[in-house]
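**Student:** Right, I'll just put the structure down here and ask away after.
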Amino acid sequence: MRREDSTRGFTLLEMCCVLVIAGILAAVAGPKFLDTPAFDVRGYADELASAIRASESAAAASGCEVQLAIRPGTGYSAELPATGATCSGPFTVAVSQVDGTALAGTPPSDADISAAIVLDFNSNGSIAGPPPVANPSITVVGSPSGGTPPLTLQIDALSGFVTVP
């Protein structure tokens, strides 16, 4: 009776070759899957919503109006009036965040807003202006446009509540 040796498996060389090829494919193709405009559009929309909420909070905390300017290509910045205690004058003093940095930011390379908007917040967090104030919206688009659907932030003028889809 003859017994056949039927050991099966992969050699160490074959396993190493497969791992090297998989590593090369992951290094080349991986960033293309993770670097998409859709993620940047969503991230920038969330960042703008946070900036709006922070501006409302700064207005409530300081008792002065806060102006948040959002412009295509350059980003956003929040400012207080120059004369502090009297809460009057032009908006020239940057709003500081908890970590001491200015409340400002720039858009990523493949996401931006469709049109400029300037929001003035009262000390109660609502949008300043005589009633009725229209509920503003901000549309964040991908660039180049067409590949990523736009996201529209809605702001309730009376409460300052921000809705991100």
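The values are calculated or read from the model by the stated rules, or taken from the named source; none is laboratory data. Remember, it's a predicted structure, so these values are computed and weren't measured experimentally. Because the Cβ atoms are built from the backbone with ideal geometry, glycine has one as well, and the counts that use them run over all protein chains shown.
**Student:** Could we say that THR74 is at pLDDT 90 or above, among the hydroxyl-bearing types (Ser, Thr, Tyr) and surrounded by 13 or more Cβ atoms within 10 Å (Cβ to Cβ) here?
**Tutor:** Criteria met by THR74.
**Student:** Among the numbered criteria (1) loosely packed, with under 12 Cβ neighbours inside 10 Å; (2) more than 23 Å from GLY160 (Cα to Cα), which single criterion is violated by ALA111?
**Tutor:** (1)
**Student:** Further question: Please enumerate the residues belonging to segment 138-156 that are at pLDDT 85 or above and either of a type in the set (A, V, I, L, M, F, W, C) or surrounded by fewer than 13 Cβ atoms within 10 Å (Cβ to Cβ) (or both).
**Tutor:** Result: ILE138, VAL140, VAL141, LEU151, LEU153, ILE155.
**Student:** Only one of ALA69, ALA49, ALA58 is over 21 Å from PRO90 (Cβ atoms) and either of a type in the set (A, V, I, L, M) or touching a residue at least 12 places away in the same chain (Cβ under 8 Å) (or both). Can you tell me which?
**Tutor:** Among ALA69, ALA49, ALA58, only ALA49 is over 21 Å from PRO90 (Cβ atoms) and either of a type in the set (A, V, I, L, M) or touching a residue at least 12 places away in the same chain (Cβ under 8 Å) (or both).
**Student:** Touching a helix residue (DSSP H, G or I) at 6+ places or on another chain (Cβ under 7 Å), modelled with pLDDT of 90 or more and outside any loop (DSSP other than H, G, I, E, B) - does that describe any residue in segment 95-108?
**Tutor:** Yes, segment 95-108 has at least one match.
**Student:** Given the condition of a type outside the set (Gly, Ala, Ser), in contact with a strand residue (DSSP E or B) (Cβ under 7 Å, 6 or more places away or on another chain), surrounded by 20 or more Cβ atoms within 10 Å (Cβ to Cβ) and part of a loop (DSSP other than H, G, I, E, B), answer yes or no: does some residue in segment 30-47 qualify?
**Tutor:** No, there is no match, as no residue in segment 30-47 is of a type outside the set (Gly, Ala, Ser), in contact with a strand residue (DSSP E or B) (Cβ under 7 Å, 6 or more places away or on another chain), surrounded by 20 or more Cβ atoms within 10 Å (Cβ to Cβ) and part of a loop (DSSP other than H, G, I, E, B).
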